[in-house]
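Engineer: Quick one: the structure is below, questions incoming.
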Protein chains: 2
Amino acid sequence: MTVPDRLPESDQRPARAPRSTETVYARLKQQILDNRYPPGAQILESEVATELNASRTPVREAFVRLQQDGLLEIVPRHGVRISALSPDDMREIYEVLMSLEPTAVELLAARRPDRTELASLIEACDAMEAALQGEPDLHAWAAADESFHLNLARLCGNKRLAAMIMQVWDQAHRARMFTLSLRPLPIKSTAEHRAVVEAILAGNCERARDLYFIHRKRGGHELTAIIERHGIQRL
Amino acid sequence: MTVPDRLPESDQRPARAPRSTETVYARLKQQILDNRYPPGAQILESEVATELNASRTPVREAFVRLQQDGLLEIVPRHGVRISALSPDDMREIYEVLMSLEPTAVELLAARRPDRTELASLIEACDAMEAALQGEPDLHAWAAADESFHLNLARLCGNKRLAAMIMQVWDQAHRARMFTLSLRPLPIKSTAEHRAVVEAILAGNCERARDLYFIHRKRGGHELTAIIERHGIQRL
DNA sequence: GTGCGCATCAACGTATACGTTATTGGACGC
DNA sequence: GCGTCCAATAACGTATACGTTGATGCGCAC
């Protein structure tokens, strides 16, 4: 162990060979989110390794990261199991989001951003509205919704907060996709997003926070209602 | 026929061999929190491996987990560097805690727990008060403080929320220890903890949440004031 | 037919080997 | 003297080998 006098400056390197671990992690995560590995599925290290043309070592490393992301569980000597969300898990996730996301909105609003800085949010609102014009395109709407929330997290100026929001957001991704066609048309939700952006632009932190909290709370209620109505136990 | 979950308490059956990865992770984490590896320090996989009598494989796995905990950074081809907290990191951490911990208090209060359920919190309050009687024992106080907050996270009934609180709490551990002797005697802080417990017992969710928020906010201000006053850039 | 026990095996957990890359020190030229 | 280039080396990233463990299936006893 050495303690350098100065921290090494973060110089940008020209080109860096992409690490296998990174590829495996990204692709596995994508496949889990896309439901290609359904919840409850058991996966073997060697299967993934051969499928992704890698050895078990980077696969294991990716598994460890995905476990901390809450997307799978490593069961010793049994391989890994893709996490399934119970209704109770959904409650937890929405409680966390109801805490973190309004805070993110408040922090963002307090910085008094102009329209330029909020471009990604405004575009997402536009895209949500466009997706509901005429024949509704629910997947386009969901993509815009996701973009809105991820950009909100990014813009809040707190990397830890952003990372935490994205983490639980990813955990709930499959559930959102699943309930997408079961919920009422998200017209109100779309309007709420727009209202939050306007409140931020108006510099009204309190209002932005409250609007967002209500939005999140309603979304959570809608989701849990669907889950209960359909008696879904695992997703 | 199902096998009992728990092994017999007598040591007739040897306990399941703990995995090396787990040991390495736990010991490394402890050493980082105890400041045995100071912030900014560069560590080599092979050093840790020989020191802990393990091979590089479990060490790498522990590194990956510790990186996601935010306690170190893996710099490709350069080993790992123990994370150093900037004043900005402290801001981030306290913003997160100011969001999550009041939520945890509110959730706990909403469950209307009795004194028995809150025993660990009450004991922590007692311990904090005891540590300030006569000659103040700051380390004992800090341990009780830590116990209070971790138990609060545990009791709130939301595992994800608890894990997130503990994660950032650990990140700030060294900073708290460092500033322990620089801050005023935590008499007020101790009283605030007690007040929160009383509000929870009284079933007053709003009050419990608000009290806690104020407590956390004051703690954050104290810490940042110390950091600024001493011109600390990295800790 | 049922249940217990042993053997076989599959998959993991860990160790180690190998190739790659970035750094460092020295030599050479200016 | 100083800067540049090259070679040696250290450390990582990945692959692979090895031992361990829990599971599965078959046979035998009852």
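Engineer: What residues have an amide H closer than 5 Å to that of B:Leu72, excluding those fewer than 5 places away on the same chain, when H is modeled at 1.01 Å from N in the peptide plane?
Structural biologist: Placed amide hydrogens put B:Gln67, B:Ser83 under 5 Å from B:Leu72.
Engineer: Next question. Can you work out ³J(HN,Hα) from phi for every residue in the stretch A:119-124, in order, using Karplus 6.51 cos²θ - 1.76 cosθ + 1.60 and θ = phi - 60°, giving whole Hz and x for Gly and Pro?
Structural biologist: 3, 5, 6, 5, 4, 5
Engineer: Right, here's the next one. Test of the criteria: in the stretch B:97-158, which trypsin sites (Lys or Arg not before Pro) are in a DSSP loop and have at most 15 other Cβ atoms within 10 angstrom of their Cβ? Kindly include the intermediate steps, with their values, before the conclusion.
Structural biologist: Working: sites: B:Arg111, B:Arg115, B:Arg154; in loops: B:Arg111, B:Arg115.
For trypsin sites (Lys or Arg not before Pro) across the stretch B:97-158 that sit outside H, G, I, E and B with at most 15 neighbouring Cβ atoms in 10 Å, the list reads B:Arg111, B:Arg115.
Engineer: Suppose a student asked you for the relative contact order of chain B, using Cα pairs under 8 Å spaced at least 6 residues apart; what percent would you report? Can you show the working numbers first?
Structural biologist: On the way: 252 pairs, mean separation 54.9, N = 235.
Across chain B, relative contact order equals 23 percent.
Engineer: Follow-up. Which distances in nm, rounded to one decimal and ordered from shortest, link the label point of A:Gln233 to the equivalent label points in the other identical copies, with labels set 7 Å from Cα toward Cβ?
Structural biologist: Nearest to farthest, the other copies are at 5.9 nm.
Engineer: Within 10 Å of each Cβ in peptide B:161-167, how many partner chain Cβ atoms are there on average? Round it to a whole number, please. Before the final figure, lay out each step's value.
Structural biologist: Details: counts 7, 1, 4, 8, 0, 0, 3.
The shielding value for this peptide is 3.
Engineer: Roughly how many percent of the accessible protein surface of chain B is carbon and sulfur, given a 1.4 Å probe and a whole-percent answer? Mind dumping the intermediate values first?
Structural biologist: Numbers: 6290 of 12000 Å².
Of all accessible area on chain B, carbon and sulfur atoms account for 52 percent.
Engineer: Using a label point 7 Å beyond Cα on the Cα-Cβ vector, give me the inter-copy distances for B:Leu138 in nanometres, one decimal, shortest first.
Structural biologist: The projected label point of B:Leu138 is separated from its counterparts by 5.9 nm.
Engineer: A follow-up question, please. How much mean residue ellipticity at 222 nm does chain B get from its helices, if each DSSP H run of length 4 or more adds -39500 (n - 2.57) and you divide by all residues, to the nearest 500 deg cm²/dmol? Don't skip to the end; give the middle numbers.
Structural biologist: Details: 10 runs with 150 residues, N = 235.
Helix-only estimate at 222 nm: -21000 deg cm²/dmol.
Engineer: With no solvent and one point on each alpha carbon, what is the Debye value of log10 I(q)/I(0) for the stretch A:20-82 at q = 0.26, 0.29 Å⁻¹?
Structural biologist: Computed log10 I(q)/I(0) values: -1.21, -1.53.
Engineer: Taking each residue of A:55-63 in turn, how many C-beta atoms of other protein chains fall within 10 Å of its C-beta, and what is the average? Could the numbers behind the result be given before it?
Structural biologist: On the way: counts 0, 0, 3, 0, 0, 5, 5, 1, 2.
Other-chain Cβ atoms within 10 Å of each residue's Cβ, averaged: 2.
Engineer: Can you work out the Karplus-derived ³J(HN,Hα) for every residue in the stretch B:146-157? Use 6.51 cos²θ - 1.76 cosθ + 1.60 with θ = phi - 60°, whole Hz, and x for glycine or proline.
Structural biologist: Going residue by residue, I get 4, 4, 4, 5, 5, 5, 4, 4, 5, 7, 5, x Hz, with x marking Gly and Pro.
Engineer: What value does chain B have for Rg/Rh, both radii from Cα atoms and Rh as Kirkwood defines it?
Structural biologist: Working: Rg = 20.0 Å, Rh = 19.7 Å.
Using only Cα positions, Rg/Rh for chain B is 1.02.
Engineer: Ranking request for peptides B:40-53, A:40-53, B:81-94: highest mean number of other beta-carbon atoms within 10 Å first, then the rest in descending order. Mind dumping the intermediate values first?
Structural biologist: Details: B:40-53: 16.4, A:40-53: 14.6, B:81-94: 18.6.
By packing density, highest mean first, the sequence is B:81-94, B:40-53, A:40-53.
Engineer: Suppose you put the label 7 Å out from Cα in the Cβ direction; list, shortest first and in nm with one decimal, how far A:Arg111 is from each other copy's label.
Structural biologist: Listed shortest first, these distances are 3.5 nm.
Engineer: Run the simple label-point estimate for B:Lys159 and B:His78 please: 7 Å along Cα→C-beta, distance reported in nm.
Structural biologist: Going from the B:Lys159 label point to the B:His78 one covers 3.7 nm.
Engineer: Compute the relative contact order of the stretch B:61-142 as a whole-number percentage, counting only Cα pairs closer than 8 Å that sit 6 or more residues apart in sequence.
Structural biologist: Details: 33 pairs, mean separation 9.6, N = 82.
That works out to 12 percent.
Engineer: Using the Cα centre as the reference, give the magnitude of the dipole from point charges on the C-beta atoms of the stretch B:87-229 (Lys, Arg: +1; Asp, Glu: -1; all else neutral), rounded to the nearest 20 debye.
Structural biologist: Details: 18 positive and 22 negative charges, 60 e Å.
My answer is approximately 280 debye.
Engineer: Next question, about the same structure. Give the Rg (one decimal place) followed by the Dmax (whole number) of the protein assembly as shown, computed from C-alpha coordinates and expressed in Å.
Structural biologist: Every Cα atom of the protein assembly as shown included, Rg and Dmax give 23.7, 75 Å.
The values are calculated or read from the model by the stated rules, or taken from the named source; none is laboratory data. This structure is a prediction, so every number in the text was calculated from the model and none was measured. Methodologically, a virtual Cβ is constructed for each residue, glycine included, from the backbone with ideal geometry; neighbour enumeration extends over all protein chains shown. All accessible areas refer to the heavy atoms of the entire protein, side chains included, with ligands and DNA or RNA removed. Shrake-Rupley method; radii C 1.70, N 1.55, O 1.52, S 1.80 Å.
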